[in-house]
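Novice: There's a structure below that I have some questions on.
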Amino acid sequence: MVDFAAIEKKWQDLWEKEGVFQASVKKNKKKFFLTVPYPYTSGPLHIGHGRSYTIGDILARYYRMLGYNVLFPMAAHVSGTPVASISKRIEEGDKKTIQLYREYVSLYEKDPEKVKEILESFKEPENVANFFAERIKNDLKLLGCSIDWRRFFRTNERYYNRFVEWQFKKLNSKGLLKQGSYPILYCLSCENAVGEDDIKGGDEIKASVMELQLIKFELEEEEGTYLVASTLRAETIFGVTNLWVNPKDELVKIQIESEKWLVSEASLTKLEKQGRDFKVLEKVQARGLIGKYVKSPIEGRKLLILPADFVDPDFGTGVVYSVPSHAPYDWVALREFRENKIYEEYGIPEDEVLDIAPISLIRVPNFGEHPAIEICEKMGVRSQKETEKLEEATQTLYREEYYNGVLKEICGQFAGMKVAEAKEEVFKFLEQRGLATKMYEVSALEKPVRCRCGGKVIVAVLKDQWFLDYKRKEWKELARRC
Ligand SMILES: [Zn+2]
């Protein structure tokens, strides 16, 4: 049996002794510099790191073989907020975090007393960063990465900070920075903007900022008070038949400028962080609103407020308007409401419920009068609980209608317009009349979206933040030439 470990050690020791990966100035040689994003110091390396750094290493070795003078440096990314939150949780005695870090430290230290001591020291963030920075360096050496270790540093070192400052000043002097207020992903615990790397499973769940259209429905018996519904499809307002609230939810009445809004409690933090100024007036049980009426914003039609379990209080305002002709969720919820005689529980007269008829407002090829009903029947969707099928039905229909749909006569001045255009045009029409506004929500393949620190990620609009103007053409060109 070949002793690979011994062979590996022999060569790695020799590389180190001879300094074969140390890049010094050699005037007669062509230069090649590469860098792979430095690993975080909030934990040990994982298999994905092995892959990334091996790719970098292959490139470095390849160019050396081509005769280049290759510089491959490495650093430890001392990511402030994640490291600080680990210390905080260990300090607070959070069992899960302590167990996780006991496992991490035990990868390197076998003596349980020593492990305990190290864990204790982790209450100080710097110790977490230092511990893992050293282990990471050693692990990359064991991987055989051809790095010039003389240049190893941590990103919290003063001279590196100065380098980053210099970089920003340089970019600014070239006009590549701009200041503004834009919606960004934001961690409520760190109170900071978060990017893909800061989000748990960020590269898989693809979190991004989504714009929601909020439409106001005035309560019939309370002038100036609105149930504010969120949607992605303002153009469907012409087909609204009722509103949905989750009967288990508690809504909050807020004073916002001269209006009173009813929205879910979960939406308040988002509205606040998105720059809305409001005052909380009182809590209102969603259940108590069921069976009451609101007015549709354009035609002033009377619409019932009904219960639906699919309404997520943590999405948008937690209030949804129903367009059963074009939205599979709405159709299924309406049918369940009728078939299971749920209206009896709320004392809503049967004839009023049976009066609710789907209103068709979009003409779309390959579908008849009520596309949502058709697609639900075709896919055999019968319950709001069949979320996977409902998501698929919704996506399919949305795509069809967005690209190929045209608004019908019932949409008044918007009749004949393509859905893709009408979505914004109808919204603008409502907005100009004070009947609609915007809000931002997190869009992701999997929810809830969490920061690495465990905090909840929402969308915030921070005032006058600095942004890199990545859209600039010349800059993109320059990057391509590099
Ligand atoms: Zn966080």
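The values are calculated or read from the model by the stated rules, or taken from the named source; none is laboratory data. Just so it is clear, the model here is predicted, and its values are computed rather than measured. Because the Cβ atoms are built from the backbone with ideal geometry, glycine has one as well, and the counts that use them run over all protein chains shown. The area values use the complete protein model at the heavy-atom level, side chains included, leaving out ligands, DNA and RNA. Shrake-Rupley method; radii C 1.70, N 1.55, O 1.52, S 1.80 Å.
Novice: Angle check, please: helix 112-121 long axis (alpha carbons) against the longest principal axis of the chain (alpha carbons), in degrees 0 to 90, nearest 10.
Specialist: Long axis of 112-121 versus the principal axis of the chain: about 70 degrees.
Novice: Further question on the same structure: Less than 18 Å apart at the alpha-carbon level, and either on another chain or at least 8 residues along: which lysines does that give for Lys418?
Specialist: Hits, sequence-local ones excluded: Lys408, Lys428.
Novice: On to the next question. Work out from phi, with θ = phi - 60° and the Karplus expression 6.51 cos²θ - 1.76 cosθ + 1.60, the ³J(HN,Hα) of each residue of the range 81-86, listed in order in whole Hz, and give x for Gly and Pro.
Specialist: Result, rounded to whole Hz: 5, x, 5, 4, 6, 5.
Novice: Amide H to amide H, which residues 5 or more places from Ile199 or on other chains are under 5 Å from it, using H placed in the peptide plane?
Specialist: When sequence neighbours closer than 5 places are left aside, the close amide H contacts are Arg452.
Novice: 5 Å is the cut-off here: which amide hydrogens, built 1.01 Å from N in the peptide plane, fall below it relative to Phe33, excluding neighbours closer than 5 in sequence?
Specialist: Leu71
Novice: Roughly how many percent of the accessible protein surface of the range 181-331 is carbon and sulfur, given a 1.4 Å probe and a whole-percent answer?
Specialist: 44 percent
Novice: Classify the range 1-66 from the C-alpha gyration tensor, please: rounded if a/c falls under 1.5, else prolate or oblate depending on whether a/b exceeds b/c. Walk me through the numbers before you get to the answer.
Specialist: Values: a/c = 1.98, a/b = 1.16, b/c = 1.70.
Oblate, since a/c reaches 1.5 and b/c is not below a/b.
Novice: Amide H of Arg154: which non-local residues (sequence gap of 5 or more, or other chain) have their own amide H closer than 5 Å, using H built in the peptide plane?
Specialist: Ala76
Novice: Using a 1.4 angstrom probe and counting only protein chains, how large is the accessible area of Tyr226 in Å², to 10?
Specialist: 40 Å²
Novice: Let me ask another. Take Ala415 and Lys27, extend 7 Å from each Cα along the Cα→Cβ direction, and tell me the distance between the two endpoints in nm.
Specialist: In this crude spin-label approximation the distance works out to 8.4 nm.
Novice: Here is a follow-up. Write down the accessible area per residue of the chain in Å², having rolled a 1.4 Å probe over the full set of protein chains.
Specialist: Values: 26550 Å² over 482 residues.
Normalised by residue count, the accessible surface of the chain is 55 Å².
Novice: Something else now. Set the Förster distance to 35 Å, then compute FRET efficiency between Gln12 and Glu392 from the Cβ-Cβ distance, nearest 0.05. All intermediate terms of the calculation are to be shown ahead of the outcome.
Specialist: Details: r = 52 Å, r/R0 = 1.49.
It comes out at approximately 0.10.
Novice: While we're looking at this one, here's another question. Students often get this wrong, so check it: of Lys169/Lys471; Lys206/Lys447; Lys279/Lys423; Lys273/Lys471; Lys95/Lys270; Lys273/Lys302, which have C-alpha atoms separated by over 22 Å?
Specialist: Numbers: Lys169/Lys471 19 Å; Lys206/Lys447 11 Å; Lys279/Lys423 31 Å; Lys273/Lys471 26 Å; Lys95/Lys270 30 Å; Lys273/Lys302 33 Å.
From Lys169/Lys471; Lys206/Lys447; Lys279/Lys423; Lys273/Lys471; Lys95/Lys270; Lys273/Lys302, over 22 Å: Lys279/Lys423; Lys273/Lys471; Lys95/Lys270; Lys273/Lys302.
Novice: Pull up the DSSP beta bridges for the chain and report the antiparallel fraction as a percent, rounded to 5.
Specialist: Numbers: 51 of 64 bridges.
Roughly 80 percent of the DSSP beta bridges within the chain come out antiparallel.
Novice: A further question follows. Figure the gain on full extension for Asn340 and Phe153 (residue separation times 0.36 nm, minus the Cα-Cα span) and round it to one decimal in nm.
Specialist: Numbers: separation 187, 0.36 × 187 = 67.32 nm, distance 6.60 nm.
So the extension gain works out to 60.7 nm.
Novice: If you roll a 1.4 Å probe over the range 4-156 with all protein chains in place, what percent of the accessible area is carbon or sulfur? Don't skip to the answer; put the middle values down first.
Specialist: Details: 5240 of 9300 Å².
Here carbon and sulfur together make up 56 percent of the probe-accessible area.
Novice: Right, another one. Taking the mean number of other Cβ atoms within 10 Å as a proxy for protection, how do you rank 404-414, 165-175 from highest to lowest? It would help to have the intermediate numbers written out before the result.
Specialist: On the way: 404-414: 17.1, 165-175: 11.3.
Result, highest mean Cβ count within 10 Å first: 404-414, 165-175.
Novice: Under the Karplus relation 6.51 cos²θ - 1.76 cosθ + 1.60, θ = phi - 60°, what is the ordered set of whole-Hz ³J(HN,Hα) values for the range 379-392, x standing for Gly and Pro?
Specialist: Per residue, the Karplus-derived 3J(HN,Hα) values read 8, x, 7, 10, 9, 4, 6, 7, 5, 5, 5, 5, 4, 5 Hz.
Novice: In degrees from 0 to 90, rounded to the nearest 10, what is the angle of the helix 4-18 Cα long axis to the longest principal axis of the chain?
Specialist: For helix 4-18, the angle is close to 70 degrees.
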